[in-house]
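The values are calculated or read from the model by the stated rules, or taken from the named source; none is laboratory data. Predicted, not measured: the structure shown is a model, and the values here were computed from it. Glycine gets a Cβ as well: all are built from the backbone with ideal geometry, and neighbour counts include every protein chain shown.
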Amino acid sequence: MQILLADDHAMVRDGLVPFLERLEPGTKVLEASSFEEALTAARAATDLGMAILDLYMPGMDGLGGLATLRREFPDLPIVILSGSTKPEDAFQAIENGACGFVPKTMRGETIIGVLRLVLSGEKYIPPFLFEHRDTVGTTSASASTPSIAPGSPLSSLTPRERDILDMIVDGAPNKVIARALTLQEVTVKAHLRNMFRKLGVANRTEAARVALVAGMTGRKALEKV
């Protein structure tokens, strides 16, 4: 498998190449220092499995480079690499077809985990993005979420995660949750992974059990009160 790594800073590429070569046996990294070089390398590649693009390198034209590469390679997993942690940058990248947004401050081992997730067909949304949306995008649904006692196992969850857990207690699938809370389904999945980690559970059934023991009765029950 070939991985395209495009960043105008040679130091960044030098630091990442050893990690990328560990993704799969025989992985070869194609390096580029501008979007033009990246596009040329992608067109010439014979076994391209992923592209990693620096958001602000020469030729990217904002997210124009992402759009161009996506048009030419519609099925190629593309990850945006950036020194930015601005929620708007991450949100726009995901909305415009990126399969993940990776801050350059992330540790190499963590980046490998993220890229393996993307290669498996999932999307990676950095936690700072959906936590930001929790604080600025509250809905009427979250207004119905009851207060959580400080000692409760649910106290570590964000309001949005508690909204989703409410609906899991009612047995709602991801598509229904996404529609009800005006979220993309991939965002719901990202919330679920974060929620499971916080609660120390492995799946929805275990999360619902924790919620019920903690006194959460589900959204349908709340709406009847």
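Quick check on my filter: what residues within region 169-179 are hydrophobic (A, V, I, L, M, F, W, C), modelled with pLDDT of 85 or more and crowded, with 16+ Cβ neighbours inside 10 Å? Passing the criteria: I177, A178.
Scanning region 19-38 for residues that are under 20 Å from G83 (Cβ atoms) and in contact (Cβ under 8 Å) with a residue 60 or more places away in the chain yields F19, L20.
The condition (being more than 17 Å from V17 (Cα to Cα), surrounded by 17 or more Cβ atoms within 10 Å (Cβ to Cβ) and at pLDDT below 95) is satisfied by just one residue among L55, L39: L55. When you scan region 24-35, do you find a residue that is at pLDDT 90 or above, surrounded by 14 or more Cβ atoms within 10 Å (Cβ to Cβ), touching a Pro at 6+ places or on another chain (Cβ under 8 Å) and part of a helix (DSSP H, G or I), even just one? Within region 24-35, one or more residues are at pLDDT 90 or above, surrounded by 14 or more Cβ atoms within 10 Å (Cβ to Cβ), touching a Pro at 6+ places or on another chain (Cβ under 8 Å) and part of a helix (DSSP H, G or I).
Of the residues making up region 51-102, those that are touching a residue at least 40 places away in the same chain (Cβ under 8 Å) and assigned to a strand (DSSP E or B) are A51, I52, L53, D54, V79, L81, V102. The one condition from (1) in contact with a Ser or Thr (Cβ under 8 Å, 6 or more places away or on another chain); (2) assigned to a helix (DSSP H, G or I) that I3 does not meet is (2).
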